[in-house]
Amino acid sequence: MEAYRVAGHDAPLTLVLGGTGKTGRRVVERLQARSVATRVGSRAGVPRFDWDDRETWAPALRGVGAVYVAYAPDLAVPAAEPAITGLVEAAAAEGVERLVLLSGRGEAEAERCERIVQGSGMAWTILRASWFAQNFTEGFFYDLVLSGEVALPAGPVAEPFVDAEDIAAVAVAALTEEGHGGQLYELTGPRLLSFAEAVATIAGATGRPVRYVPISVEAFVAELAAQQVPDDAIALLRYLFTTVLDGRNEALADGVRQALGREPHDFAAFARGAAARGAWSL
Ligand SMILES: NC(=O)c1ccc[n+]([C@@H]2O[C@H](COP(=O)([O-])OP(=O)(O)OC[C@H]3O[C@@H](n4cnc5c(N)ncnc54)[C@H](OP(=O)(O)O)[C@@H]3O)[C@@H](O)[C@H]2O)c1
């Protein structure tokens, strides 16, 4: 497919916000493999992009035709809506023509951010994703896996963990190909897994004695507080493990097949691949 080009620019850049994170890093790698001129949006980027410093937004958007928007820490936090509103305004002012927003399933706050992007006047694609498999290798659950006890307040709820590689593949298609404008893709893995099943799958792939231990939300919050996790981060985790994991997302969706014409990767394949790469080796 033709790489996306903006009229009047010789080499419009694609800006990847969160470009060093779980999905963004993979989006950058895939764009670069396609020789798409790419700018990594990060507090360590050149120019720097910081969600907490609006002065950094216009310089990062200069010369950009398309933006992948992975907001940090989460579209559910109160700062997200004004940030997405401001980013859309800044992007329009810089002549950006295409936005691809990473969103989360089951979050009313994220859906408000989706509507801001949908009303931006730019071409848009929404990627509404379930919980990432990579939370177990690069995210919050990684240290718990290494400790041998994944103690979380998830009860028996099942989640269709999605591989961040699939999200990145859909993002790159939406950023570089035609036919994805005005689409809201709901991205899940191909199978519902309880946390006990997900952790058992990792244990099987690694040979490590790791198990899931269901705990109460109160015990979880008390442990986070004891570890001096900031209050706003605790509030976000409490929200994710209560509201978002209340069973509302216990359903598969076919966004990967809609966007790419193939099935999403299975969690077992993710776990085997991660174990083979030494993701959980000490
Ligand atoms: N994790 C999941 O299971 C999941 C599921 C569905 C949706 N989502 C959504 O995905 C998005 C990203 O979540 P994630 O967990 O995957 O995190 P992540 O993308 O791995 O987060 C880290 C990224 O955010 C950047 N970042 C952090 N603070 C920043 C700041 N103040 N300014 C600019 N960039 C900043 C980091 O860049 P630097 O540190 O280099 O600046 C890094 O690129 C969130 O909006 C979340 O709602 C996540």
Rounded to the nearest 5, the percent of antiparallel DSSP beta bridges in the chain equals 10
Taking a crude spin-label model, label points 7 Å out from Cα along the C-beta direction, the S147 to T242 distance in nm is 2.1
For the chain, take the longest principal axis of its alpha carbons; what is the angle in degrees between that and the long axis of helix 217-226, to the nearest 10 within 0 to 90?
80
When N counts the residues of the chain, how does its alpha-carbon radius of gyration compare numerically with 2.2 N^0.38 Å, as a ratio?
1.00
So between R115 and A276, what do we pick up on full extension, going 0.36 nm a residue minus the alpha carbon distance?
53.9 nm
If ligands, DNA and RNA are left out, what is the accessible area of Y142 with a 1.4 Å probe, given in Å² to the nearest 10?
60
When 1/r is averaged over all different Cα pairs and the result inverted, which Kirkwood radius in Å belongs to region 38-91?
11.4
If the elastic network links every pair of Cα atoms under 10 Å, which of D163, D232, D52 fluctuates the most in the Gaussian network model of the chain?
D232
If all Cα-Cα distances of region 235-282 are sorted into 5 Å bins from 0 onward, what percent lands in each bin, rounded to whole numbers?
5, 16, 11, 13, 18, 23, 12, 1
Residues of region 190-282: accessible area per residue with a 1.4 Å probe, Å²:
54
All alpha-carbon distances of region 124-249, grouped into 5 Å bins from 0, give the whole-percent distribution 2, 10, 17, 21, 18, 14, 9, 6, 3, 1
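To check you understand DSSP bridge types, tell me what percent of the beta bridges within region 1-120 (both residues inside) are antiparallel, rounded to 5.
Numbers: 1 of 13 bridges.
Roughly 10 percent of the DSSP beta bridges within region 1-120 come out antiparallel.
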Compute the Rg/Rh shape ratio of region 21-118: radius of gyration over Kirkwood radius, all on alpha-carbon atoms.
0.94
Would you mind working out the accessible area per residue for region 132-183, using a 1.4 Å probe, and quoting it in Å²?
28
Per 0.36 nm of contour for each residue apart, how much would the distance between T20 and A269 grow if the chain were fully extended, relative to their Cα-Cα spacing?
87.3 nm
Contour excess over end-to-end distance, with Cα ends at Q183 and R208 and 0.36 nm allotted per residue:
4.9 nm
When the Karplus curve 6.51 cos²θ - 1.76 cosθ + 1.60 is applied with θ = phi - 60°, which whole-Hz ³J(HN,Hα) does each residue of region 271-277 get, with x for Gly and Pro?
5, 4, x, 5, 5, 5, 7
On the accessible surface of region 24-127, probed at 1.4 Å with all protein chains in place, carbon and sulfur together account for a percent value of 49
State the Cα centre-to-centre distance between region 204-282 and region 148-166 in whole Å.
3
From the C-alpha coordinates alone, can you work out the Kirkwood hydrodynamic radius of region 74-154, in Å?
14.4
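The values are calculated or read from the model by the stated rules, or taken from the named source; none is laboratory data. All values derive from a computational prediction rather than experimental measurement. Every residue, glycine among them, receives a Cβ derived from its backbone with ideal geometry; neighbour counts consider all protein chains shown. To get the accessible areas, we keep the full protein, side chains included, count just its heavy atoms, and leave off ligands, DNA and RNA. Shrake-Rupley method; radii C 1.70, N 1.55, O 1.52, S 1.80 Å.
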